[in-house]
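The values are calculated or read from the model by the stated rules, or taken from the named source; none is laboratory data. Every value quoted in this text rests on a predicted model; they were computed, and no experiment measured them. Note that each Cβ is placed from the backbone with ideal geometry, even for glycine, and that neighbours are counted across all protein chains shown.
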Amino acid sequence: MDYGMTLAFVGAGLAALMAGIGSAIGIGIAGRSATGVLSEKPERYGQMFIMVVLPGTQGFYGFLAAFLVMLNLNFFGEGGAMDVSVKLGWQVLAACLPIAFAGMMSAIHQGKVCSGGILMAAKRPEMAFKAGVVYAVMVEVYAVLGLLVTMFILLKGINWPTPPA
Amino acid sequence: MNNEQRTTNLDFYTYPSVGTDDWCYAFETARVRALELQMFTRAAFLDMANAENFEQAADLLSGTEYALPGPGEDFVQLESILLLRRTAARKIFSDLMRQKSIAELFKTRDDFANLRLALRRTLTEKPLLNDYSDEGNVSLDLFEQAFTEDNYELLPTYMQQAVEQAVLAYYQNKDIRQIDFVIDSFQADYNLKEARRLKSVFLIDLFGIQNDLTGIRTMLRLKFTESHSNVRPEQVFLKGGFVEPELFEQALELGYESLAPLFFATPYYRIVEAGASYLASEKSFLRAEQQCDEHLTGFLKSTLQITAGPQPIVAFLLMKENEIRNVRLVLTAKKNNLDTKLIQDRIG
């Protein structure tokens, strides 16, 4: 495998890995808070569920970015992956960084916000959506921005070579 | 800035810092938040205080965890229910507290209480009896063995030193109060030392507040009984609070009306002002006790800003114990037909 391809795979790997780690930590935090409340108030399951799964979206964004890289490199196509120059490899790696870092950090912090929202929902169920979910979505915005930048670079900024016939 | 300096610095307005989040405690904090929903509100206590008699006040407990098993039950049964609830709250605290040294630190409260009782009985040559709390770190068998054999080396180091000092202090003038002063002082020192070892800002601040509130109570009691000439102030007022012990010593020399201005620059101004004026007019510590409880509860409630950490779990334990004390207090007052206004003054 050449150097360019390695860089591209590092980029794709980082996008999926870091955003995935962030999501796992975020869900872990929110999930622990939710189980704490549910151990005393099982009837609150519905309100807790959305706040537990929200930090999981960043993992999907990272996976989507990695998938786009692999798709454009003809990873799944006939003839196998195309040749990647070192320059292209660096471009792909750089393109993956926004969702990798924004995804990881926002997922961890979203988990903390969701944890706070879950505690609030335990005491004031009427505020579960108004404050708990809405505030968590505010954090999500920055992961979406990271994904958009990654996608713009991958889809519009890079001149992908033609796949082998 | 070291911890010793920190505890004597008044760098806050009403309540000191409660520290920061510790995300290992996400589950435990959430569980405590859910449990807090079952706690009594002030309105519930006022309803009990306004009840016509003991039976009516006890009826208000039906549907709560303090409910009596059947109608017409007596106060003894209620007392056993309150003890059961306290044991349950302490068990929840021990189970949820990940740092076992914090759980053990709070268990030493029972060790020191047992020690105080046993020393009082031993030094005044009364029977040792066996009505001690079994919720401490030291087992009752070991405790009994240490006192019956006069072998205090069986006890943990912090208790051995307290015993030695308390015995020496008592025999200086055979004043029973010296035992309490020495043990209070050892307990306060031990708490702060452990809090610093655990590097817990919250515990350092909590024990600092408790020492200050004990100082206010002691100062008012000494003033009221006019017995401050019989004790050495440096021995009576606990160190390690946010207020220097010298301030309490100074307060002993002033009249009730001058106490509040002396504490104007401290967070305890309102407590001293309300407590001293009530004491001067009603000859009662009710308001001072209520204000002290309210101040401590206010600090504990400020742990609401912690989403995950040991602070809400400690706060839950102390607030639950306070709730149990208040239930007992209101029902005891009702049982003894005390005036409703007095009960209201005490619960605030």
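Quick notes on this structure:
- Here B:Ser62 meets each of (1) within 21 Å of B:Ile343 (Cα to Cα); (2) among the hydroxyl-bearing types (Ser, Thr, Tyr); (3) away from every other protein chain (no Cβ under 13 Å); (4) under 24 Å from the mean Cα position of the chain (by Cα) with one exception, condition (4).
- Within the range B:33-54, considering residues that are surrounded by 15 or more Cβ atoms within 10 Å (Cβ to Cβ), more than 8 Å from every other protein chain (Cβ to nearest Cβ) and in contact with a helix residue (DSSP H, G or I) (Cβ under 8 Å, 6 or more places away or on another chain), the one nearest to A:Cys114 (Cα to Cα): B:Phe40
- When the range A:26-49 is filtered for residues that are among the charged types (D, E, K, R) and buried (at least 17 other Cβ atoms within 10 Å of the Cβ), the ones remaining, listed by number, are A:Arg32, A:Glu40, A:Lys41, A:Arg44.
- Only listed residue being farther than 24 Å from B:Leu317 by Cα, out of contact with any Lys or Arg (no Cβ under 8 Å at 6 or more places or on another chain) and loosely packed, with under 13 Cβ neighbours inside 10 Å, chosen from B:Asp150, B:Asp131: B:Asp150
- Among the candidates B:Leu119, B:Leu142, B:Leu168, residue that is aliphatic (A, V, I, L, M) and surrounded by 21 or more Cβ atoms within 10 Å (Cβ to Cβ): B:Leu119
- Filter pass, A:Lys123 being out of contact with any helix residue (DSSP H, G or I) (no Cβ under 8 Å at 6 or more places or on another chain), of a type in the set (Lys, Arg) and surrounded by fewer than 16 Cβ atoms within 10 Å (Cβ to Cβ): no
- The one condition from (1) modelled with pLDDT of 95 or more; (2) in contact with a Ser or Thr (Cβ under 7 Å, 6 or more places away or on another chain) that B:Arg197 does not meet is (2).
- Every residue from the range B:290-309 that is over 26 Å from B:Ala49 (Cβ atoms) and touching a helix residue (DSSP H, G or I) at 6+ places or on another chain (Cβ under 6 Å): B:Thr303, B:Ile306, B:Thr307, B:Ala308, B:Gly309
- The lone criterion from (1) more than 14 Å from every other protein chain (Cβ to nearest Cβ); (2) over 24 Å from the mean Cα position of the chain (by Cα) left unmet by B:Asp22 is number (1).
- Within the range A:2-86, helices (runs of 4 or more DSSP H) holding 3 or more residues that are away from chain B (no Cβ under 14 Å), closer than 18 Å to A:Tyr142 by Cβ and in contact (Cβ under 8 Å) with a residue 40 or more places away in the chain: A:3-38, A:57-72
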